[in-house]
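Asker: Sending over a structure as structure tokens; questions will come in a sec.
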Amino acid sequence: MTLPAPQLWPDGASVDARGRLTIGGCDTVELARVYGTPLYVLDAATFRAGCRAYRAALERHYPGASSAHYASKALLNSAVVRLVAEERLGLDVVSGGELYVALRAGFPADRIHLHGNAKPRAELEQALAASIGKIVVDTLDELDLLARLTDGRPQPQAIMLRLSPDIVADTHAHIQTGSAASKFGLPLDALDAAAVRIARAPGLRLAGLHSHLGSQILDYTPIAQAVGILLDCAARLRDEHGLVVAEISPGGGLGIPYTADQSTPDIDAYVATVAQAMQAGCAARSFPPLRLVVEPGRSIVARAGVALYEIVATKPLPGVGGWDLGIEEQIQLPTPNSQLPTRYLHVDGGMADNIRPALYGARYSALLANRAAEPAAEHVHIAGRYCESG
């Protein structure tokens with residue numbers, strides 16, 4: 001039996017002879033019974049395929065001077081860290097907790113980048129003590145603090161500057177991060193001030209420039225524009241301050257489908273667009289091919305993961321009758337041709353394990369794991385446990 005909208009589900013997802021959703025050969029109903037719900041299930045094969053798709057695309061379109069860093073904010077635990085390491089990707093972390101998980105799981109420190117717009121002193125000290133690969137500096141204040149913390153170090157700490165390129169990507173306002181008004185990144189007119197501080201800080205070494213326009217981006221053109229702006233800044237640092245930039249990262253943000261009407265992203269086309277912008281931009285500014293770093297997270301892990309919940313109660317909406325049935329009978333009750341929700345299905349999860357719908361109206365696809373191949377027969381609200389109505 002075939003899953004509806006198979007592009008939304010892990011590569012290893014199927015429906016068994018009993019009509020149950022299976023992932024990687026595992027019965028999800030049995031997984032929920034054994035481990036309890038809410039339960040995140042991750043298909044390692046789909047995750048690995050995403051990593052390999054990025055590696056292969058970079059090798060085709062920008063060979064020899066490129067790498068992909070998994071963005072751990074998409075999902076991080078020890079198992080994910082080990083998968084990223086085995087697939088030879090780098091790792092971006094955005095907190096001391098994520099850095100701890102990465103190091104505890106044995107990830108090579110020199111392949112870790114620390115991001116974040118408000119890094120506490122303790123987290124910077126943690127990163128320096130671990131000798132991580134790069135710290136991505138977000139503000140002049142952070143740059144000043146790092147200069148003090150690294151004063152007297154025998155080996156300078158490599159840093160990248162995150163710049164705000166003033167590009168507004170076509171995505172939800174809450175996940176746009178590249179505008180001039182964004183809380184993230186140095187404004188472009190602070191580049192000279194940053195260069196002066198770096199030149200006076202022997203404990204720091206400028207390795208590259210970084211930007212990130214946001215998440216769930218399906219139009220690659222703004223990312224190519226960001227590459228050009230970063231290369232302009234690299235040329236300015238070279239020509240006016242004598243600082244050599246070796247690495248450019250336009251971030252990540254490639255979107256993925258969550259509903260049947262959304263298309264699957266083309267990783268190869270995405271990488272090709274960014275690579276072409278890098279090649280043309282470097283040549284136009286008399287740079288050798290600078291190193292290109294892309295930072296996919298969601299587009300690697302999102303389709304690999306499924307959240308399992310148990311329906312624990314139902315509640316009719318006003319004007320819908322016939323609610324003297326038991327819960328098992330209620331779940332079976334169809335209302336063909338109805339486009340209006342008939343009731344709530346209360347599940348045993350909530351905002352802590354699935355915050356995106358309440359935070360910025362994200363949409364998902366859902367099915368009954370024990371009747372996975374059946375067509376939808378009823379329009380319902382799925383509601384969680386938290387004391388809010390988002």
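Asker: Compute the distance in nm between two label points, each set 7 Å from the Cα along the Cα-to-Cβ direction, one at GLU86 and one at ASP151.
Answerer: 4.7
Asker: Give me the net charge for the shell around ALA74: Cβ to Cβ below 12 angstrom, other residues only, Lys and Arg +1, Asp and Glu -1. Could you put the intermediate results ahead of the total?
Answerer: Values: positive: LYS73, ARG298, ARG303, ARG356; negative: ASP92, GLU98, GLU295.
It works out to a net charge of +1.
Asker: Further, regarding this structure: I'd like the distance between the alpha-carbon centres of segment 6-24 and segment 75-118, rounded to an integer number of Å.
Answerer: 29
Asker: Also, I was wondering about something else. Quantify, in whole percent, the carbon and sulfur part of the accessible surface of segment 227-296 (1.4 Å probe; protein heavy atoms only).
Answerer: Here it works out to 53 percent.
Asker: Would you mind telling me the share, in percent, of accessible area of segment 1-100 contributed by carbon and sulfur at probe 1.4 angstrom?
Answerer: 55
Asker: In the Gaussian network model of the chain, springs joining C-alpha atoms below 10 Å, which of GLN225, GLN276, GLN339 carries the largest mean-square fluctuation?
Answerer: Result for the chain, Cα springs under 10 Å: GLN339 fluctuates most.
Asker: Please work out the Cα center distance from segment 36-64 to segment 212-286, rounded to the nearest Å.
Answerer: 20
Asker: Using only alpha carbon pairs under 8 Å that are at least six residues apart, calculate the relative contact order of the chain and give it in whole percent.
Answerer: Reported relative contact order: 20 percent.
Asker: Still on this structure, I have one more. Using the beta-carbon distance between ALA362 and ALA17 and R0 = 41 Å, what value does 1/(1 + (r/R0)^6) give for FRET efficiency, to the nearest 0.05?
Answerer: That pair, ALA362 with ALA17, gives E of 0.75.
Asker: Then there's this: If I stretch the segment between GLU125 and ARG385 completely, what's the gain in nm (0.36 nm per residue apart, minus their alpha carbon distance), one decimal?
Answerer: So the extension gain works out to 89.7 nm.
Asker: Could I ask something else about it? Compute the accessible area per residue over the chain, keeping the other protein chains in place, probe 1.4 Å, unit Å².
Answerer: Accessible area per residue, the chain: 47 Å².
Asker: Using 19 Å as the cut-off for backbone N distance, which residues of segment 283-310 belong to the label zone defined by a point 7 Å from the Cα of TYR344 along Cα→Cβ?
Answerer: Only 309-310 fall inside the zone, counting backbone N under 19 Å.
The values are calculated or read from the model by the stated rules, or taken from the named source; none is laboratory data. Quantities reported herein were computed from a predicted structural model and do not represent experimental measurements. Using ideal geometry, Cβ is built from the backbone for each residue, glycine included, and neighbour counts are taken over all protein chains shown. To get the accessible areas, we keep the full protein, side chains included, count just its heavy atoms, and leave off ligands, DNA and RNA. Shrake-Rupley method; radii C 1.70, N 1.55, O 1.52, S 1.80 Å.
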